[in-house]
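Participant: Handing you a structure now.
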Amino acid sequence: MGTIGVLLVARVLPYLEQELDKRYKLFRIWDYPQKAQLLTQHAAAIRAVVGNSNDGADADLIDALPKLEIVSSFSVGVDKIDLEKCRAKGIRVTNTPDVLTDEVADLAIGLTLALLRRICECDRYVRSGNWKKGDYKLTTKFSGKTVGIIGLGRIGQAIAKRAEGFNCSICYYSRTEKRDSNYKYYPSVVELASNCEILIVACPLTDETHHIINREVINALGPKGFLINIGRGKHVDEAELVSALQEGRLGGAGLDVFEDEPVVPEELFGLENVVLLPHVGSATVETRTDMADLVLGNLEAHFLGKPLLTPLV
Ligand code: 8YV
């Protein structure tokens, strides 16, 4: 396999990069500041692309690699891969579902608790020595609240299961009602937002879900409502979110993802009712290692002519 060319287009777990380097002829995109040089010299050798949730394979890259057979993403989200193009050209696509479900769901609950109970702010309060000057203000209870989930796929269901453990009532929005679920279904996001206290975004990013959290939804959630986003930054109209938080039209927001990562709107930095994380939903040693093994397993299966472990296309 050492002669098979693999193009790495994203910074991934060092273990994954090292293993790819050991097993294949690895090209790192950042070693070629001029992409044209990489393509002129090596396009014909590259049979696989490995990317992540931020850097995948767009139509231009796919068209520039005539021998491309497989795109393997170190992520469950594949919004940075042109799936239609891959389908049309017979290029296989794999991602890393299941192995990160628990991790991302755990973080969604952690983010919710951090936001409602103001855990990060409490920590800053103690560190700054302010505790000596008086008691910390009261916060908001999570147990028993109504949690609305956008997207009842693997991650959405895992969040629901966890929230049930906090005696929360669960409702959801998805394109179609899930016949096998007892949770309350709302056929529109505005209705869901009007009927829950905590709204969690857990759906894939598509043309339909881009800015699914807009002004109307934010206003429906209201000044006592909390928004949690562990999906993609582009699910939320960030400018609308910022103004709603500034104007007190939304109770608070817990965000693991942003529209233009790693750029975060500076207006959020001064607000107390937000918790901001650097896209760490799946970021534990255990889960990232499992994700890396899945990428390696898919590539190996493909080049040995065996069934892919997690085929998407
Ligand atoms: C990671 C993710 O950010 O799986 C996804 O879709 O967003 C995350 O697990 C990622 O791709 C690791 O680089």
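The values are calculated or read from the model by the stated rules, or taken from the named source; none is laboratory data. Predicted model only: the values in this text are computed from it and were never measured. Note: ideal-geometry Cβ built from the backbone for every residue, glycine included; neighbour counts use all protein chains shown.
Participant: Out of segment 2-24, which residues are assigned to a helix (DSSP H, G or I) and among the hydrophobic types (A, V, I, L, M, F, W, C)? Give the derivation first.
Facilitator: Filtering segment 2-24 down to residues assigned to a helix (DSSP H, G or I) leaves 14-23.
Hits for segment 2-24 are L16, L20.
Participant: State all residues of segment 276-313 that are in a loop (DSSP other than H, G, I, E, B) and among the charged types (D, E, K, R); if no residue qualifies, say none. Before the answer, list the steps.
Facilitator: Start the filter on segment 276-313 by keeping residues that are in a loop (DSSP other than H, G, I, E, B), which leaves 277-284, 304-310, 312-313.
Of everything in segment 276-313, just one residue is in a loop (DSSP other than H, G, I, E, B) and among the charged types (D, E, K, R), namely K306.
Participant: Let me ask something else about it. Going by what's in this entry, would G225 be described as modelled with pLDDT of 95 or more, within 25 Å of E121 (Cβ to Cβ), of a type outside the set (D, E, K, R) and surrounded by fewer than 17 Cβ atoms within 10 Å (Cβ to Cβ)? Working first, answer last.
Facilitator: Details: modelled with pLDDT of 95 or more: yes; within 25 Å of E121 (Cβ to Cβ): yes; of a type outside the set (D, E, K, R): yes; surrounded by fewer than 17 Cβ atoms within 10 Å (Cβ to Cβ): no.
Criteria not met by G225.
Participant: Moving on to the next point. So, restricting to strands (runs of 3 or more DSSP E) that lie completely within segment 25-96, which ones have at least 2 residues that are of a type in the set (K, R) and surrounded by fewer than 18 Cβ atoms within 10 Å (Cβ to Cβ)? Step through it out loud before you land on a result.
Facilitator: Details: elements: 25-28, 46-51, 70-73, 92-94.
Output list reads 25-28.
Participant: In segment 274-288, is there at least one residue being more than 16 Å from the ligand (Cβ to nearest atom), over 29 Å from I70 (Cα atoms) and either in contact (Cβ under 8 Å) with a residue 40 or more places away in the chain or not assigned by TED's automatic domain parsing to the domain that holds S75 (or both)?
Facilitator: Restricting attention to segment 274-288, the residues satisfying the condition of being more than 16 Å from the ligand (Cβ to nearest atom) are 274-275.
Now drop any that are not over 29 Å from I70 (Cα atoms), which leaves 274-275.
So of that shortlist, the ones also either in contact (Cβ under 8 Å) with a residue 40 or more places away in the chain or not assigned by TED's automatic domain parsing to the domain that holds S75 (or both) come out as 274-275.
Yes, because at least one residue in segment 274-288 is more than 16 Å from the ligand (Cβ to nearest atom), over 29 Å from I70 (Cα atoms) and either in contact (Cβ under 8 Å) with a residue 40 or more places away in the chain or not assigned by TED's automatic domain parsing to the domain that holds S75 (or both).
Participant: I would also like to ask the following. Limited to segment 159-198, what total is found for residues that are surrounded by 21 or more Cβ atoms within 10 Å (Cβ to Cβ) and assigned to a helix (DSSP H, G or I)?
Facilitator: So the answer is 6.
Participant: Still on this structure, I have one more. Look through R154, R87, R127, R117 and report the one residue that is over 18 Å from G225 (Cα atoms) and free of Cβ contacts under 8 Å to residues at least 40 places away in the same chain. Step through it out loud before you land on a result.
Facilitator: Numbers: R154 fails: free of Cβ contacts under 8 Å to residues at least 40 places away in the same chain; R87 fails: free of Cβ contacts under 8 Å to residues at least 40 places away in the same chain; R117 fails: over 18 Å from G225 (Cα atoms).
From the options R154, R87, R127, R117, the qualifying one is R127.
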